[in-house]
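Have a look at the structure below, then the notes.
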Amino acid sequence: MSSPLKSLHFAVFPLPAQGHMVPMMDIARILAHRGATVTILTTPVNAKRFNSVIERAVEAKLKLQVVELQLRLAEVGLPEGCESLDMLSSTDPWFKLLGAFDMLEEPAEQVLRRLSPVPDCIISDNFIPWTSDVARRLSIPRLIFHGPGCFSILCMHIVTSTSVLDGIESDSELFVLPGLPDPIEVTKLQAFGQSKPNATKPQVSDNSEAKTKEKKGYIERVQEGEKAAHGILVNSFEELEPEYAHELAKAKDKKIWCIGPVSLFNKSDLDIAERGNKAAINEHDCLKWLEGREPGSVVYVCLGTLTHTSLEQIIELGLGLEMTDLPFIWCIRNKTEELERWFSESGFEERVGDRGLIIYGWVPQVLILSHRAIGGFLTHCGWNSTLEAVCAGVPMVTWPHFADQFFNEKFIIQVLKVGVRIGVEIPVVMGGEDTAETLVKKEEVKVAVECLMNGGDEGEERKKRAQELAEMAKTAMKDGGSSIRNTTSMIQDITEQLAINV
């Protein structure tokens with residue numbers, strides 16, 4: 001990569017959620033690689049997850065540092081150490097954790113003022129709105145980072161800023177989102193990414209009037225913070241969604257810089273394996289298992305870090321995978337006594353034998369997806385997972401749960417045309433478990449997976465298209481590629497803005 005146009009100092013504020021933190025840590029290292037000084041402000045638990053990656057960056061002489069901020073968790077009713085959304089139980093509302101992050105404004109500003117030199121620019125997750133006030137008081141530009149890609153951000157913008165939902169009474173009625181390059185149909189529930197469409201964001205367990213007012217105020221602050229931002233960074237690349245990047249810039253009336261896929265910045269197996277957290281399985285053991293499989297024969301299954309899958313759903317998923325007779329790697333978020341009992345008493349592991357590799361906890365997902373043995377990915381449609389599959393040229397079975405995931409599914413199926421739907425229509429509550437109405441049966445798992453892996457001419461077209469997208473992604477992140485040019489453009493823009501502000 002080329003050297004920076006000016007040695008800037010960026011202060012980076014990631015959201016305490018793996019799907020947001022992982023790409024923002026990549027962005028921090030990309031900027032440091034360009035010669036910038038980067039200070040990452042996060043909490044001790046989140047910092048620890050990236051210790052080894054940061055240490056290697058410092059050893060490589062990158063000007064990168066992490067400043068730890070202490071959360072006042074007891075004041076919001078959370079246990080000590082509960083510092084990331086994936087650590088919340090199904091009964092702990094996500095809003096509590098964001099409330100604790102709200103209390104970091106003053107200590108964070110004090111840290112920034114003590115830094116030498118004082119940061120030239122703040123890069124903040126969109127859901128940390130108080131960084132807008134800090135940037136204003138420091139008289140520096142603020143860029144925001146959204147977790148999803150341009151397509152989903154634009155869809156959510158249309159839902160929240162237009163009257164498109166007026167007159168739509170049924171939660172399950174399909175309607176076309178206006179103003180999009182493609183005819184995208186969604187239901188009201190899918191548009192809000194949750195089981196109740198009347199709330200602005202995923203519901204929480206406490207529905208008191210005071211809490212509702214507080215949540216509404218928080219969302220309004222997020223929206224105002226976005227309006228005040230100098231521009232938006234997106235973990236995507238122009239060739240993937242050119243029309244949507246253009247339309248998003250028009251809709252937001254802001255500069256949009258697509259600077260991804262940032263996962264491709266990681267070159268060493270160690271950086272890839274430890275991207276986001278240390279894996280629950282040794283990457284060499286995982287790759288050794290894959291080496292014994294035929295090219296394109298293995299299904300990789302992972303439903304993300306925030307999904308609380310019920311025991312009944314896990315059983316249905318497992319039985320569906322068994323019925324396919326295909327080799328699979330299955331990542332299960334948490335091992336419980338009930339799950340262990342089912343595995344031991346049902347005979348599942350004995351019947352499946354070495355055909356299945358089950359991993360509990362964090363997995364080296366990018367390494368797995370990029371292995372030649374992987375032929376399909378059963379995914380929850382989180383944007384990181386979606387983009388990592390695109391980079392690896394792997395078609396997907398789509399199983400969205402909440403938030404932007406239903407929009408991402410539409411993008412995978414209708415725009416990219418590299419996926420097969422498992423058939424979910426109703427979102428689950430973020431942080432909650434699936435219910436009877438959202439339960440996916442083993443037969444549905446079997447049909448979708450087999451359709452993806454043995455899809456005849458349509459399957460071959462999906463594979464071909466997936467490989468084409470993977471080549472586009474690699475080109476975007478090479479010297480002279482669109483994302484490299486956009487990173488340079490962003491640095492140039494911030495440099496010019498600072499000159500104006502002097």
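List of remarks:
- Whenever a residue of region 219-244 is not assigned by TED's automatic domain parsing to the domain that holds Cys391 and among the acidic types (Asp, Glu), its partners that are surrounded by fewer than 23 Cβ atoms within 10 Å (Cβ to Cβ) and part of a helix (DSSP H, G or I), lying with C-beta atoms within less than 7 angstrom and at least six residues away or across chains, give the pairs Glu238/Ser482; Glu239/Met472; Glu239/Ser482.
- Condition check for Pro79: in the same structural domain as Gly225 (by TED's automatic domain parsing), surrounded by fewer than 17 Cβ atoms within 10 Å (Cβ to Cβ), out of contact with any His (no Cβ under 6 Å at 6 or more places or on another chain) and not in a helix (DSSP H, G or I): yes
- Per the conditions (1) part of a helix (DSSP H, G or I); (2) over 18 Å from Gly147 (Cβ atoms), the sole criterion not satisfied by Ser385 is (2).
- Residue match in region 332-348 (condition: outside the structural domain of Glu55 (by TED's automatic domain parsing), surrounded by 20 or more Cβ atoms within 10 Å (Cβ to Cβ) and not acidic (Asp, Glu)): yes
- Residues in region 361-390 that are surrounded by fewer than 22 Cβ atoms within 10 Å (Cβ to Cβ) and farther than 19 Å from Phe328 by Cβ: 0 in all.
- Residue list for region 295-328, restricted to those being in a strand (DSSP E or B) and under 22 Å from the mean Cα position of the chain (by Cα): Val299, Tyr300, Val301, Cys302, His308
To keep it simple, each residue is scored yes or no on (1) farther than 25 Å from Asp120 by Cα; (2) of a type in the set (D, E, K, R).
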site: Gly455; (1), (2): yes, no
site: Glu458; (1), (2): yes, yes
site: Glu461; (1), (2): yes, yes
site: Ser482; (1), (2): no, no
site: Thr488; (1), (2): no, no
site: Ile494; (1), (2): no, no
site: Ala499; (1), (2): no, no
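- Annotation note: of Ile426, Ile413, the sole residue that is aliphatic (A, V, I, L, M), surrounded by fewer than 20 Cβ atoms within 10 Å (Cβ to Cβ) and outside any helix (DSSP H, G or I) is Ile426.
- Hits in region 366-384 (condition: aromatic (Phe, Trp, Tyr) and over 17 Å from Gly260 (Cα atoms)): Phe377
- The set of residues from region 362-404 being small (Gly, Ala, Ser) and over 29 Å from Lys474 (Cβ atoms) is empty.
- Residue match in region 305-326 (condition: over 28 Å from His401 (Cβ atoms) and of a type outside the set (Ser, Thr, Tyr)): no
- Selection of region 1-35 for residues being among the β-branched types (Val, Ile, Thr) and either in contact with a Lys or Arg (Cβ under 9 Å, 6 or more places away or on another chain) or modelled with pLDDT under 95 (or both) yields only Val22.
- Test: residue in region 98-116 that is hydrophobic (A, V, I, L, M, F, W, C) and in contact with a His (Cβ under 9 Å, 6 or more places away or on another chain): yes
- Condition check for Lys201: in a loop (DSSP other than H, G, I, E, B), modelled with pLDDT under 95 and under 19 Å from Gln223 (Cβ atoms): yes
- Of note, Ser152 satisfies the criterion of being within 21 Å of the chain's Cα centre (by Cα), modelled with pLDDT of 95 or more and outside any loop (DSSP other than H, G, I, E, B).
- Of all the residues in region 42-64, those that are loosely packed, with under 15 Cβ neighbours inside 10 Å and not in a helix (DSSP H, G or I) number 2.
The values are calculated or read from the model by the stated rules, or taken from the named source; none is laboratory data. For clarity, every value in this text was computed on a predicted model and none was experimentally measured. Don't worry about glycine lacking a Cβ; one is built from the backbone with ideal geometry, like all the others, and counts go over all protein chains shown.
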